[in-house]
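The values are calculated or read from the model by the stated rules, or taken from the named source; none is laboratory data. What you are looking at is a predicted structure, and each value in this text was computed from that prediction instead of being measured. All Cβ positions, even for glycine, are placed from backbone atoms using ideal geometry, and neighbour counts span all protein chains on display. Side chains are part of the model used for accessible areas, which takes the heavy atoms of the whole protein and leaves out ligands, DNA and RNA. Shrake-Rupley method; radii C 1.70, N 1.55, O 1.52, S 1.80 Å.
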Amino acid sequence: MPERKADLSAELHRDYMLYHTEGCHLCELAIVLLKDAGIAFQTIDICDDEILAERYGVSIPVLKAVDDRCLFWPFDATQLQKFIGA
């Protein structure tokens with residue numbers, strides 16, 4: 001059975017974390033971009049961790065790759081694709 005594109009996308013892009021916080025409208029926009037691009041990601045609320053809040057508090061949303069590269073907001077679909085290497 002052929003592999004669906006969505007399944008392949010999730011497999012290729014499973015190593016991303018989105019630092020965010022609840023009620024952040026910019027974070028919501030970033031989530032929409034990630035979902036529209038078919039990128040699998042984990043969300044991490046920076047308010048749950050003092051160190052993350054200090055590090056990313058004025059920068060969220062921030063997309064972080066497993067290799068520690070970060071894409072800081074603002075970013076668009078083209079910049080997102082370039083960041084993930086698509």
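If I filter the stretch 7-21 down to residues being modelled with pLDDT of 95 or more and not aliphatic (A, V, I, L, M), which single residue comes out as surrounded by the most Cβ atoms within 10 Å (Cβ to Cβ)?
In this case the residue turns out to be TYR19.
Do we find a residue being hydroxyl-bearing (Ser, Thr, Tyr), open to solvent by 30 Å² or more (accessible area, probe 1.4 Å) and within 10 Å of the chain's Cα centre (by Cα) anywhere in the stretch 73-83?
Checked against the condition, which is being hydroxyl-bearing (Ser, Thr, Tyr), open to solvent by 30 Å² or more (accessible area, probe 1.4 Å) and within 10 Å of the chain's Cα centre (by Cα), the stretch 73-83 yields no hits at all.
Every residue, every condition in (1) free of Cβ contacts under 8 Å to residues at least 24 places away in the same chain; (2) acidic (Asp, Glu), yes or no:
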{"residue": "TYR19", "(1), (2)": "no, no"}
{"residue": "VAL32", "(1), (2)": "yes, no"}
{"residue": "ASP36", "(1), (2)": "no, yes"}
{"residue": "ASP48", "(1), (2)": "yes, yes"}
{"residue": "PRO61", "(1), (2)": "no, no"}
{"residue": "ALA65", "(1), (2)": "no, no"}
{"residue": "ARG69", "(1), (2)": "yes, no"}
{"residue": "PHE75", "(1), (2)": "no, no"}
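For the stretch 37-72, name all the residues that are within 15 Å of PHE83 (Cα to Cα) and either among the charged types (D, E, K, R) or more than 10 Å from the chain's Cα centre (by Cα) (or both).
Passing the criteria: ALA37, GLY38, LYS64, VAL66, ASP67, ASP68, ARG69.
Could you run through the stretch 16-29 and say how many residues are closer than 22 Å to ASP68 by Cα and either assigned to a loop (DSSP other than H, G, I, E, B) or of a type in the set (Gly, Ala, Ser) (or both)?
Result for the stretch 16-29: 1.
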